[in-house]
Amino acid sequence: MIVLQDVHKSFGSKKVLQGINLEVPKGQSLVVIGGSGTGKSVLLKCVLGLVKQDQGTITVGGDILEPKTREAFLEKFGMLFQGGALFDSLPVWQNVAFRLLRGSLKRPKDEAKAIAIEKLRRVGLTAETADLFPAELSGGMQKRVSLARAICADPEVIFFDEPTTGLDPIMSGVINELIREIVTEMGATAITITHDMTSVRAIADQVAMLHDGKIRWIGPVGDIDTSGDAHLDQFIHGRADGPIEAVR
Amino acid sequence: MSIASPLALLGRSVIAMQASVGRVAIFTADAVSHLFRPPFYPREFLQALLQIGWLSLPVVGLTALFTGGALALQIYAGGSRFQAESVVPSIVAIGMVRELGPVLGGLMVAARVASSIAAEIGTMKVTEQIDALTTLSTNPMKYLTLPRLLAATLSVPILVAVGDSIGVFGGYVVGVTRLGFNSATYLENTVSYLETWDVISGLVKGAAFGFIVALMGCYHGMNSDRGAQGVGRATKAAVVSASVLILAANFILTEAFFSA
Ligand SMILES: Nc1ncnc2c1ncn2[C@@H]1O[C@H](COP(=O)(O)OP(=O)(O)O)[C@@H](O)[C@H]1O
Ligand SMILES: [Mg+2]
């Protein structure tokens, strides 16, 4: 269970998070939606300690996150970064199998490669991709490699930052299904950021909408169409006019 | 106001400098502390050795060759004014080994290596690859910084030693072909006046300069601002600060060796 209490974060004078309260029970899939630049990525990075919050506490499984507990948390964690964040000095399979080639999960090279190829197949990539370098792939392929890397060591907690942005609709569908599968089959706890309402409906148990540095609305995915919240309605239907300003 | 503002400017830059000295010190302590804490990444270390040491050989060698040749000509020009042409071999050797080998070698490595380390790590930083390392339970300081620091500290002295030899050889070629030295006498004079301490002090400088180069490359790369501009600024800052620090450290080390 991941719990955020009153988390604040500013960059200089720019207030990004202004009191986030959020609970993600174990095994649940939470989808966070919200306009671009509202701090969704920053929110995930606070949980990971990549960005230090100015105020507030974050706990995982009851432990406050500090360097020691975070290390243990990250051992069973996977993340798909918004930009892919693949290591461009390593071939695709070594990116995917990164955890399996060093540290506590280290195993023989050919075994790690076999697992990597299997994970690549799950995200719709052929074995030939394994020996290419990230720079040789299209943006969408890089994203899927990054997804394969996130799930390679069968994590218990996974964050997906815009997993389907930049993918064609068919591939988006494949990825949505895959994420759903990971959550239900492996019982993983997932936080997904997306703008794609199809993804929201496919992936989410709970939906949270971030607006103005706060959680504007949170509820089960079944309630999003009947929430009665003008902000959420505007976002779901992609209307230019409404309480959310188009110029931000 | 017109008097106070330059003072204020000076004050501000002194404070800014102290702050960055503090940050670099913390960065250094963090990096070095990983030397004693597993896991270790020998593969990254070997790769850094190749990049920093082996691939810098041509640049350092050429620099030393031309410098040794020019040095022989200059010392001959100076020495001939008081009939002391015969000092050319020993002064070339001493000048190369104690001063020019390490300093010019260090500066060339700063240009080649500090820039590429800062650009590589800076790009990794702005494309979130450093963040990705952390989420994959790999400490970026341990995985990226320490191997480069170690590789540079160990390989630059070797580069300096090779550069010293090539520089002396450059002086020898000029001495024998242009200045009318007898080959055997030149070599004998080179060796007989050179002391072990001359060589060792030059190598110690090399190690210090190697450390400075990798440290500045990693520090500025890890602290790169966002975007391509950020990486550009980090690269520039790495080369400039490494070069200035090398020259400053050279003075301090020379002074220390001088009084020792
Ligand atoms: N490291 C940083 N330094 C300064 N500003 C940042 C940093 N990271 C994010 N921001 C700012 O925080 C805001 C939210 O960013 P982000 O979380 O990436 O938005 P999104 O909701 O689209 O993921 C943006 O205005 C961005 O410019
Ligand atoms: Mg984002």
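Which value, in debye to the nearest 20, describes the size of the charge dipole of the protein assembly as shown about its Cα centre when Lys and Arg Cβ atoms bear +1, Asp and Glu Cβ atoms bear -1, and nothing else is charged? Walk me through the numbers before you get to the answer.
Values: 43 positive and 44 negative charges, 154 e Å.
It comes to approximately 740 debye.
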Worksheet entry | Residue order for A:Met171, B:Met108, A:Met1 - accessible surface, 1.4 angstrom probe, largest first | A:Met1, B:Met108, A:Met171
Discussion item. Suppose every Lys and Arg Cβ carries +1 and every Asp and Glu Cβ carries -1, with no other charges. What dipole size does chain A come out with about its Cα centre, to the nearest 20 debye?
Written reply: 680 debye
Worksheet item: Under 5 Å between amide H atoms, partner at least 5 residues away or on a different chain: which partners does A:Leu210 have, H built in plane at 1.01 Å?
Response: A:Ile33, A:Gly34, A:Arg216
Worksheet item: Across 5 Å bins from 0, what is the distribution of all Cα-Cα pair distances for the range B:54-258, in whole percents?
Response: 1, 8, 15, 16, 15, 12, 10, 7, 5, 4, 3, 2, 1, 0
Fill in: Signed unit charges on C-beta, dipole axis of the range B:1-88, positive-most listed residue B:Leu49, B:Ala84, B:Leu65
B:Leu49
Response to the item:
Per residue, the convex hull enclosing the alpha carbons of the range A:116-202 has a volume in Å³ of 87 Å³
Response to the item:
Spelling it out for B:Asp225: with amide H atoms placed in the peptide plane at 1.01 Å from N, the residues 5 or more places away or on another chain with amide H under 5 Å from its amide H are B:Ala234
Practice prompt. Using +1 at the Cβ of each Lys and Arg and -1 at the Cβ of each Asp and Glu in chain A, identify which of A:Pro163, A:Leu80, A:Val207 lies farthest towards the dipole's positive end.
Written response: A:Leu80
Discussion item. Quick check: Cα centre of the range B:68-83 to Cα centre of the range A:123-177, how many Å?
Written reply: 66 Å
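At 222 nm, what value in deg cm²/dmol follows for the protein assembly as shown if DSSP H runs of at least 4 each add -39500 (n - 2.57) and the sum is divided by all its residues, to the nearest 500? Kindly include the intermediate steps, with their values, before the conclusion.
On the way: 19 runs with 286 residues, N = 508.
Helix contribution divided over all residues of the protein assembly as shown: -18500 deg cm²/dmol.
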Fill in: Whole-angstrom Cα spans of the protein assembly as shown along principal axes, big to small
102, 69, 40
Fill in: Solvent accessible area, Å² - A:Cys152, 1.4 Å probe, full protein context
10 Å²
Worksheet item: So who's got an amide H within less than 5 Å of the one on A:Gln55, skipping anything under 5 residues away but keeping other chains? H placed 1.01 Å off N, in plane.
Response: A:His8
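Mind putting a number on the dipole of the range B:54-258 about its Cα centre? Charges go on the C-beta only, +1 for Lys and Arg and -1 for Asp and Glu, and I need it in Debye to the nearest 20. Please list the in-between numbers first.
On the way: 11 positive and 11 negative charges, 88 e Å.
Here the range B:54-258 has a charge dipole of around 420 debye.
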Worksheet item: So what's the range B:1-98 giving for Cα Rg divided by 2.2 N^0.38 Å, two decimals?
Response: 1.90
Worksheet, complete the sentence: Applied in sequence order to the range B:243-254, the curve 6.51 cos²θ - 1.76 cosθ + 1.60 (Karplus, θ = phi - 60°) yields integer Hz couplings, x standing for Gly and Pro, of 5, 5, 5, 4, 5, 5, 5, 4, 5, 4, 5, 4
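Averaged across A:145-151, how many Cβ atoms of other chains sit within 10 Å of each residue's Cβ atom? Present the calculation step by step, with values, prior to reporting the outcome.
Values: counts 0, 1, 0, 0, 3, 3, 0.
Shielding by partners across A:145-151 averages 1.
From other protein chains only, count the Cβ atoms within 10 Å of every residue's Cβ in B:135-142, then give the mean.
Numbers: counts 17, 14, 14, 5, 1, 0, 0, 0.
Mean partner shielding for this stretch: 6.
Defining a contact as two alpha carbons under 8 Å apart and six or more residues distant in sequence, what relative contact order in percent does chain B show?
Numbers: 351 pairs, mean separation 78.2, N = 260.
So the answer I get is 30 percent.
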Worksheet, complete the sentence: Which of B:Ile117, B:Ile94, B:Ile75 fluctuates most in a GNM of chain B (C-alpha springs under 10 Å)? That residue is B:Ile75
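Residues of A:93-102, mean number of Cβ from any other protein chain within 10 Å of their own Cβ, rounded to a whole number?
Values: counts 0, 0, 2, 0, 0, 5, 4, 0, 1, 9.
Across A:93-102, the average partner-chain Cβ count within 10 Å equals 2.
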Response to the item:
The rounded separation in angstrom of the Cα centers of the range A:39-62 and the range B:112-128 is 26 Å
Discussion item. From the phi angles alone, apply the Karplus equation (6.51, -1.76, 1.60; θ = phi - 60°) to the range B:189-206 and give each ³J(HN,Hα) in whole Hz, x where the residue is Gly or Pro.
Written reply: 5, 4, 6, 6, 9, 7, 9, 4, 4, 4, 5, 4, 4, x, 6, 4, 4, x
Worksheet entry | Integer Hz, Karplus 6.51/-1.76/1.60 couplings in order for the range A:48-61, x for Gly and Pro | 7, x, 6, 10, 8, 5, 6, 7, x, 10, 10, 10, 10, x
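The values are calculated or read from the model by the stated rules, or taken from the named source; none is laboratory data. Not measured: the values here are computed from a predicted model. Because the Cβ atoms are built from the backbone with ideal geometry, glycine has one as well, and the counts that use them run over all protein chains shown. Note: areas computed on protein heavy atoms with side chains; ligands, DNA, RNA excluded. Shrake-Rupley method; radii C 1.70, N 1.55, O 1.52, S 1.80 Å.
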